[in-house]
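One structure below.
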Amino acid sequence: MIKHHPRCKVCNSPHRAEIERLLAEGWSSRRIAQWLEEKFGEKISHRAINEHKKRHWNVAKEIKRRAAQKESEELFEQEVQKGLTRLEALRREREENRKLAEELRRIFFSILKSGEWQEINPETFKAMQSLYNTATNQVRYTAAEEYKQLDSDSEDLFAKLLEMISDEKTEGGSE
């Protein structure tokens, strides 16, 4: 964006737009200064026109600035998309592990209530218990990773984690 500079003769000229148009057409600052004096009787030195071009109407500098800004915005958007993708993957993983833990919990209670646990090989029972523990630990881990991804500044992360797991159970219809 072109700004007005109060001490610049070109910025204050009523013919600023024409001067800048001529600069864009490739006219030299000496030629523009001569043209201004001949056509309008306005005296602006070629040095003042060069200073204006260098400081206030520097197209090349503005192109570089905007290109860098655009590149920065694109990189930022890519990083945001990566973060959203990672966050969604963590949420899916947490939900899958929560469902697995709930199903294993139902199976355990069913086996205990029916007395079938006495007929199951102890190693099989231990493996099921280990799978349940792994699933519940993964729920906690992925929930903590979600909070890291969101850069949560919660004072009590553990309380928030339990709240989130509780919310998931409520949404899933179990208690």
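Read the figures in this text as sums done on the coordinates, not as results from a lab. Everything numeric here is computed off the predicted structure, so don't read it as measured data. In this analysis, Cβ positions are derived from the backbone assuming ideal geometry, glycine residues included, and neighbour counts consider all displayed protein chains.
Remarks
- Out-of-range pairs (alpha-carbon distance over 22 Å; input K82/K148; K99/K126; K39/K61): K39/K61
- For the chain, a Kirkwood radius taken over Cα pairs fed into Stokes-Einstein (20 °C, viscosity 1.002 mPa s) yields D = 94 µm²/s.
- Compared with the dominant Cα axis of the chain, that is its longest principal axis, helix 122-149 is turned about 20°.
- 222 nm mean residue ellipticity, helices alone, for the chain (DSSP H n ≥ 4; -39,500 (n - 2.57); rounded to 500): -26000 deg cm²/dmol
- Projecting the alpha carbon convex hull of the stretch 1-57 along each direction and taking the average yields 3.5 nm².
- Rounded to the nearest angstrom and listed largest first, the equivalent-ellipsoid semi-axes of the stretch 15-99 from its Cα gyration tensor are 57, 9, 8.
- Within the shell defined by Cβ-Cβ distances under 13 Å, the residues around E77 carry a net charge of -2, with Lys and Arg each +1 and Asp and Glu each -1.
- Axis angle, to the nearest 10 degrees, between helix 59-114 and the longest C-alpha principal axis of the chain: 10 degrees.
- The chain: angle of helix 29-40 to the longest principal axis, Cα-based, in degrees nearest 10: 60 degrees
- Relative to the Cα centre, the charge distribution of the chain, modelled as +1 at Lys and Arg Cβ and -1 at Asp and Glu Cβ, gives a dipole magnitude of about 1900 debye.
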